[in-house]
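The values are calculated or read from the model by the stated rules, or taken from the named source; none is laboratory data. Being a predicted model, the structure only gives us computed values, none of them experimental. Here the Cβ is made from the backbone with ideal geometry for all residues, glycine too, and neighbour counts use every protein chain on show.
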Amino acid sequence: MSLLSLHRVTASYGASQALFGVDLEIAPGQAVAMMGRNGMGKTTTVHCICRMLPAQGTLVFDGHDLSRLPSHKAARLGIGLVPEGRRCFRDLTVSENLIAAARPGHWDAARVEALFPRLGERRRQRAASLSGGEQQMLAIGRALMTNPRLLILDEATEGLAPTVRQEIWAAIAALKAESGMAMLVIDKSLKELRGACDRAVILERGRSVWSGAMAALTEEVCETHLGL
Amino acid sequence: MAEPVLATHGLSKAFGALQASDGISIDLRPGEIHAIIGPNGAGKSTLIAQICGALAPDAGRVEFLGRDVTRESTEARAARGLARTFQTSALAMEDTVLQNALLGALGASGRPWRFFARADRDASLRARAEAALEAVGLADLAELRTAELSHGQRRQLEVAVALTLAPKAFVMDEPMAGLGQEGSKRLTGFLDGLRAQAPILLVEHDMDAVFALADRISVLVYGKVIATGSVEEIRRDPQVRDAYLGEEA
Amino acid sequence: MSRESWLNTALLLALVAVPGWALWADEPFTITLATRAVIFALAAVGLNIALGMGGLVSLGHAVFFGIGGYAMGILASHAQTYTALMEWPFVIEGTKSMPVIWLVAVAASSCAALVIGLLSLRTSGVYFIMITLAFGQMMYFFAISWPAYGGEDGLSIYVRNGFPGLNTLVPIQFYGICLVWLCIALLLYARLMRSPFGLALNAARQVPARVRAVGLDPRRLQLVALVISGGITGLAGALFADLNRFVSPSMLSWQMSGEIMVFVIIGGVARLFGPVAGAGFYVLLEHLLGGVSEFWQIFLGLFLLAVVLFGKGGLVGMIAGRRGNG
Amino acid sequence: QAEVKVGLITTLSGGGASLGIDTRDGFLLAMDAAGRDDVEVIVEDDQRKPDVAVQIADKMIQSDKVDILTGIVWSNLAMAVVPAATAQGKFYLSTNAAPAQLAGKGCNPNYFSVSYQNDNLHEAAGAYAKSEGYTKPFIMAPNYPAGHDSLNGFKRFYGGELAGEVFTQLGQTDYAAELAQIRASGADSIFFFLPGGMGISFLKQYADSGIELPVMGPAFSFDQAILQAVGDAALGVKNGSNWSKDLDVPANAAFVSAFEEKYGRLPSLYAAYGYDTANLMLSALDKAEPSDADAFRAALKAADFDSVRGKFSFDTNNHPIQDIYIREVIKEGDIYTNKIVATAIEDRSSAYVADCPMQ
Amino acid sequence: MSPILLAEQVLNGLQSGVMLFLMAAGLTLIFGVMGLINLAHGSLYMVGAFAAAAVAGLTGSFLLALVAALAAAAAAGALVELLVIRRLYAKDHLDQVLATFALILIFSEGTRWLFGSFPLYLDIPEALSGTVTLPGGIAYPAYRLALIGVGIAVALGLWWLNARTRLGIRIRAGENDREMIAALGVDISKLYTLVFALGAALAGLAGALVGAIQSVQVGMGEPVLILAFVVIVIGGIGSIKGALIGALLVGLTDTLGGVLLPELFKLFTDPASAAASGSAFASMAIYILMAAVLIWRPTGLFGARA
Ligand SMILES: Nc1ncnc2c1ncn2[C@@H]1O[C@H](COP(=O)(O)OP(=O)(O)OP(=O)(O)O)[C@@H](O)[C@H]1O
Ligand SMILES: Nc1ncnc2c1ncn2[C@@H]1O[C@H](COP(=O)(O)OP(=O)(O)OP(=O)(O)O)[C@@H](O)[C@H]1O
Ligand SMILES: [Mg+2]
Ligand SMILES: [Mg+2]
């Protein structure tokens, strides 16, 4: 049984339609990569899952129909979001950012700080004054604080130094291995995605045009759909 | 060796106990792409803010085209021909893509005090704006509202606005961030050609791009330049590998 | 033509048709009412330049409105009593001539806008709202307790000022003057909106950092916008004083600032005819509801609430839809 | 079709509404009693805003074609309306506001104040202070024209030395600083003019301050409507007034009982002025049409009506000549009210008669 | 002026500052925390005062009156949030200004419709009437001392709520990015209703407490509203500490300005016109203070740097 299942999902921003039929299945513990060129609807799909944008079609999470739930209820079912562009709470300190999201479970502030020691060092600093990479770590840590069953990472390594990026990919791998957390990962680095994910979906102009095991993602597929 | 277009001398800036810039001296020479890399929080954006005038340094000087501009405002430096892109897009979201580009062209023309003419009918402004959009591949989206662009498209527009200024030097803070692989490749090719127009000070975490583009690389760690050199030199530098590159060397 | 242009044309035609209707229906007072609406609209067009284009939420526009009013009141009262305004170092006489009064009103209110702008533009957002309010309150309390020109009692000008070739006491003729001014201001607004200055100002409201990065000074743009805005509102103040043949500190009160802002918001911020629709709607509503019940302001409140909650972009937005680009 | 139209502009909404409502109710009480269907009264709310008052006056003159205007409570609104209305040949009968300008240089043959001249009630307090032998009164009023007139009025009839003279801010609600000043000044009495909520606040804070000096003021702060909100704090205060509900005049007794019967509350000053104004107008209408301005003016000037204040006649500036009394705040059962304790000035006209060109 | 009188006036200034803080506290909470410009705050203040006056009139108990004020204002606040304010968060400040301006009209005239146009009676409780003698021989009203106590308690409570509780942190997070805090599983709507009701209750409490020494009448809220805005802007929006210090500054400026400026002018002119012109400047004093503070520090004394 799949943890998250999207079937023929469509969505629009006002009058302009952005999704024209997206299918997506994520099994518990599975990591799925979502790929596609700029503006193809990856983030839009994420917004539909997190109920930040109304969507039509079937959206089921763990047996619950998502399509009628408000955002916070979806999150409480166990969907954790690391949003595109970080969106840390600017005026809150690092530790307040973490506290704001906290829900009981495995992950707490101490564990997050152990995962990203730099956050521990900047505990009392306002999020707005963090460097880009620090903010990104904070956004991941904040999503972990909700103890999700599905972690959505929308461009989570954007703007990070190679070393940090490697750290984050390592953290992602560790998360997957240890806690069996399912993941939906959006990233531009094909190489890293290949290592971290079991399956992949490719979006093009608001449609899922390809999906399958990571292994099946051949050069040709990449060339036709991702322009590589 | 040609005179540097842009140079800093001992720039220092502290935020409380944190020394974000610690005596940074770098320069940018004609025709080159000088990449600044370094771990997150090393002080790259802070350096750019000081170069562009958004932040006043505690000590040190910024020289542009052979003049000390340390005390000049952002707008004065821009008017002298220093163009920047922002790490997080700073665009007029309610306006169209074209209007954003027109704004750049208007800034470059230095004549905003016209109250009765029509901005979008001004041939020279328009030509400049459209050329820039064309260059980054946004020409088709010119009439779209900027808020409707995807994240990656906004990054492209960010570069386009800088282009309209036809500057003497570019300062770019992570222009690749948010671009897909295809987009990064295109932008890499584009920047490669751009250096003929004006040199580029490039802050970037995309090592593929940096290694492909940079004539020189400076590595910033904890506010200090720990190494400057060619791509090869930097790749080989054990200190840099340790602090920044990791396996990507 | 877009729906908004149709709406604008209809509004303009309605304004031109008012006097005809008033004569036909034998309701001469309608003209005075319409004059009031037109003058408020003019003040609001002024505010719309600062507010809509420049994003400067000024809760102190009554200062400019009031200065315009007092320019008229002071000049006319001196002319009325045949006393000089100033005898040293040179003599300045009062006047009952509208064009001179307008000139003085616009000059004085623009100067005030310049000074207030220089001091206030250091702040932004809610702080800007409050600092403009502060300047408004200073002027208000000053006017109340400053005895020379009537204090709280204000100044009564018994006869409306004159305009060469017109009899301004005839409501239609005075209405004509006001309507012409409104049209001029609207034209100015329309041109400004599309001009290079408008483009830059628009961006300065949204992303000042970007404007700076292209080499323009957002604060200077906003200052100029505020000066133009203040001048127009000041002109409206002079006309308003002439309509009532009276000025008092109530023209300087924060409620007045609030009302001008309400006109803009209910009409539609940054819409060309927003202030016209807003002022017209408000004046009409006030007039019609006033007779309904002693508690008519409850209904006024409900109407305003409905406009905010169910209309996007004010009345103009409700009818004409979202703003087109360019 | 009514032959005479009367426009009553007064404050019916917002903070000052109680004054306007009483004005209107008093006026309409007299109109109802007269039962004349040839006189139509149009009532409109001025919201206490001068520009709205002007607009209503314009409407009444232009569209409703009224002959007579009346009803304004506040001086600043009167200054906005009266000069323009009289300039257009309309009659204005004031039910309350009577600023100095309109009594002196700016007097007008078509403008009649039926209430008083603004200074009168303060003058009464001044006269009373003198007769009581106070030597160091502390006087205060808000810093606006009516406040200045008030203190000048007091000083005009008191004439002695002051312990202090303070102008408070218009709309001020906290008087701790003034109370401290009073305590330190060694005053032997207090005179204040603080209309509306300001007076309520002052009296409550005064009662709680531990200062125990005789207090005087004009009637406005001790009016029927306000007293109930002040409560015990007002007891014993002396106030100058040209009317009181216990004034021993037959017309007054009839008025008070009729008002109470119709509206279920005691009348206030404003109601009394409204009532008198209507009766004055009716008496003149019996003799002449407003369209015959000269005859109507003469009929008004004769003041041939039964005033609830007893003696009533007009001086050359069309302001009343009347007795002005001192009242004391008392408690009658559960109700706080006033009773007359002295006559402060007899046959008082106004200080500005000499400036008025009409002689 | 004797030193003892001056000391007393300083005390008066401080006390009026605390009173102002009481009024401003709820506004800071709503304004600073939720980012909402609530012009109807003054109306909720009025609702509290009227509820208190009505209940005090019926029961004669000041304590019950206070409870009623809190309850009525909180209920009115919650209702307003659910019906109106809720739809405004996504809109810009201007729509909030207009909508809450409309609420003022509805509240004011609605209250007048219910209670009539005449001011109501609300007096201080027997136990707190009269004066207490302070060191230095200053006779000071006991009720005002109690007000100071309440003001300080409210300040501490609010600071604690905002800075130290998870509720406070989440509310502030919501101010930065509502959509994001909801996506993290926080029911921000319910939270905001709660905050609004709390802010309203504080306004109601202030209305009842201050109403007892001032006048309870329609329109009592608006002058207070302006002053409260002045206070929180001087202090820096969103800062409880700022609101307290801003309130004290405004209280001192207002009181001492009113007392000292006429004295100062007496050095130049005769007493009557000195009193007049001194008072004229005094009435502008707090606005001059506010403008000066903002020119010097564009985001108030303790506001976050923009
Ligand atoms: N707020 C919005 N309003 C209108 N259209 C939008 C909005 N956001 C995105 N779009 C449009 O929807 C489409 C999909 O955008 P989306 O952000 O989902 O792309 P994406 O795949 O995440 O791209 P990127 O890699 O650049 O982030 C784009 O064409 C974009 O123009
Ligand atoms: N206004 C500020 N107040 C306090 N600390 C600040 C401020 N701005 C930046 N910093 C700190 O200074 C350091 C340098 O920040 P900067 O943004 O320059 O880093 P960066 O090199 O650009 O990093 P990234 O690659 O992640 O963008 C960071 O540790 C950051 O937290
Ligand atoms: Mg995206
Ligand atoms: Mg950076």
I'd like to check something: does the stretch A:94-113 contain any residue that is within 17 Å of E:ARG170 (Cα to Cα) and either of a type in the set (S, T, N, Q) or within 16 Å of ligand 1 (Cβ to nearest atom) (or both)? yes
Counting only residues that are part of a helix (DSSP H, G or I) and within 14 Å of ligand 2 (Cβ to nearest atom), how many does the stretch A:141-171 have? 6
Positions within the stretch D:199-232 being of a type in the set (A, V, I, L, M) and more than 8 Å from chain E (Cβ to nearest Cβ), in sequence order: D:LEU203, D:ALA207, D:ILE211, D:LEU213, D:VAL215, D:MET216, D:ALA219, D:LEU227
Unmet requirement for B:LEU141, which otherwise passes all of (1) crowded, with 24+ Cβ neighbours inside 10 Å; (2) away from ligand 2 (no atom under 16 Å from the Cβ); (3) not basic (Lys, Arg): (1)
Verdict on D:PRO83 being without any contact (Cβ under 8 Å) to a residue 40 or more places away in the chain and within 30 Å of C:GLY301 (Cα to Cα): no
When you scan the stretch A:1-16, how many residues do you find that are modelled with pLDDT under 90 and part of a strand (DSSP E or B)? 2
Looking at the stretch D:9-37, which of its residues are farther than 17 Å from D:PRO267 by Cβ, in contact (Cβ under 8 Å) with a residue 24 or more places away in the chain and more than 9 Å from every other protein chain (Cβ to nearest Cβ)? D:ILE9, D:THR11, D:ALA34, D:ARG36, D:ASP37
Out of B:ALA54, B:ALA101, report the one residue that is away from ligand 1 (no atom under 16 Å from the Cβ), within 24 Å of B:ARG126 (Cβ to Cβ) and not in a strand (DSSP E or B). B:ALA101
If the requirement is being within 14 Å of chain A (Cβ to nearest Cβ) and either at pLDDT 95 or above or crowded, with 24+ Cβ neighbours inside 10 Å (or both), which of these qualifies: B:LEU47, B:LEU18, B:LEU11? B:LEU47
Do any residues in the stretch B:221-238 that are farther than 22 Å from B:GLY41 by Cβ and of a type in the set (A, V, I, L, M) have Cβ atoms under 9 Å from those of residues that are assigned to a strand (DSSP E or B) and at pLDDT 90 or above, where the two are at least six apart or on different chains, and which pairs are they? B:VAL231/B:ALA35; B:VAL231/B:ARG216; B:VAL231/B:ILE217
Which numbered condition in (1) farther than 22 Å from D:ALA17 by Cβ; (2) without any contact (Cβ under 8 Å) to a residue 12 or more places away in the chain; (3) part of a helix (DSSP H, G or I) is the only one that C:ILE265 fails? (2)
Determine whether the stretch A:20-32 contains at least one residue that is buried (at least 19 other Cβ atoms within 10 Å of the Cβ), away from ligand 2 (no atom under 16 Å from the Cβ), closer than 20 Å to B:GLU148 by Cβ and touching a residue at least 24 places away in the same chain (Cβ under 8 Å). yes
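Residue-by-condition table, conditions (1) over 30 Å from D:PRO214 (Cα atoms); (2) polar (S, T, N, Q):
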| site | (1), (2) |
| --- | --- |
| D:ASP67 | yes, no |
| D:GLY71 | yes, no |
| D:GLN88 | yes, yes |
| D:LEU93 | yes, no |
| D:GLY106 | yes, no |
| D:PRO109 | yes, no |
| D:SER115 | no, yes |
| D:ASP119 | no, no |
| D:GLY133 | no, no |
So for the stretch D:103-111 (the condition being out of contact with any Ser or Thr (no Cβ under 7 Å at 6 or more places or on another chain) and outside any loop (DSSP other than H, G, I, E, B)), does at least one residue qualify? no
Kindly check whether there is at least one residue in the stretch C:248-258 that is closer than 18 Å to C:ALA50 by Cα and surrounded by fewer than 23 Cβ atoms within 10 Å (Cβ to Cβ). yes
So which residues in the stretch E:20-43 are aliphatic (A, V, I, L, M) and under 24 Å from E:ALA163 (Cβ atoms)? E:LEU20, E:LEU22, E:MET23, E:ALA24, E:ALA25, E:LEU27, E:LEU29, E:ILE30, E:VAL33, E:MET34, E:LEU36, E:ILE37
Can you name the number of the only condition in (1) part of a helix (DSSP H, G or I); (2) more than 8 Å from every other protein chain (Cβ to nearest Cβ); (3) under 28 Å from B:MET207 (Cα atoms) that B:ILE36 fails? (1)
Mind checking which residues of the stretch A:65-94 are β-branched (Val, Ile, Thr) and touching a residue at least 40 places away in the same chain (Cβ under 8 Å)? A:ILE79, A:VAL82, A:VAL94
Starting from the stretch E:82-101, keep only residues that are more than 7 Å from chain C (Cβ to nearest Cβ) and part of a helix (DSSP H, G or I), then list their pairs with residues that are of a type outside the set (A, V, I, L, M, F, W, C) and buried (at least 21 other Cβ atoms within 10 Å of the Cβ) whose Cβ atoms are within a distance under 6 Å, requiring at least 6 positions of separation or different chains. E:THR100/E:ASN38
Look through the stretch C:205-224, keep the residues that are part of a loop (DSSP other than H, G, I, E, B) and of a type in the set (Val, Ile, Thr), and return whichever of them is nearest to the other protein chains (Cβ to nearest Cβ). C:VAL214
Looking at (1) part of a loop (DSSP other than H, G, I, E, B); (2) among the hydroxyl-bearing types (Ser, Thr, Tyr); (3) surrounded by fewer than 22 Cβ atoms within 10 Å (Cβ to Cβ), find the lone condition where D:SER257 falls short. (1)
Of a type in the set (Gly, Ala, Ser) and surrounded by fewer than 24 Cβ atoms within 10 Å (Cβ to Cβ) - does that describe any residue in the stretch D:36-57? no
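Residues to consider are A:ALA143, A:ALA128, A:ALA196; find the one that is of a type in the set (A, V, I, L, M, F, W, C) and within 16 Å of ligand 4 (Cβ to nearest atom).
Only one candidate qualifies: A:ALA128.
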Does any residue of the stretch A:172-191 turn out to be over 23 Å from A:CYS88 (Cβ atoms), assigned to a helix (DSSP H, G or I) and within 16 Å of ligand 1 (Cβ to nearest atom)? yes
Count of the stretch D:142-163 residues which are more than 10 Å from every other protein chain (Cβ to nearest Cβ) and under 24 Å from D:ASP174 (Cβ atoms): 3
So, of the residues in the stretch C:119-165 that are modelled with pLDDT of 85 or more and among the aromatic types (Phe, Trp, Tyr), which turns out to be nearest to C:LEU75 (Cα to Cα)? C:TYR149
Scanning the stretch B:153-166 residue by residue, the ones that are surrounded by fewer than 24 Cβ atoms within 10 Å (Cβ to Cβ) and without any contact (Cβ under 8 Å) to a residue 40 or more places away in the chain total 1
Any residue in the stretch C:295-312 that is more than 8 Å from every other protein chain (Cβ to nearest Cβ) and under 16 Å from C:GLY267 (Cα atoms) sitting within a Cβ distance under 8 Å of a residue that is surrounded by fewer than 20 Cβ atoms within 10 Å (Cβ to Cβ) and of a type in the set (D, E, K, R)? List the pairs, counting only those 6 or more apart or interchain. C:LYS312/C:ARG322
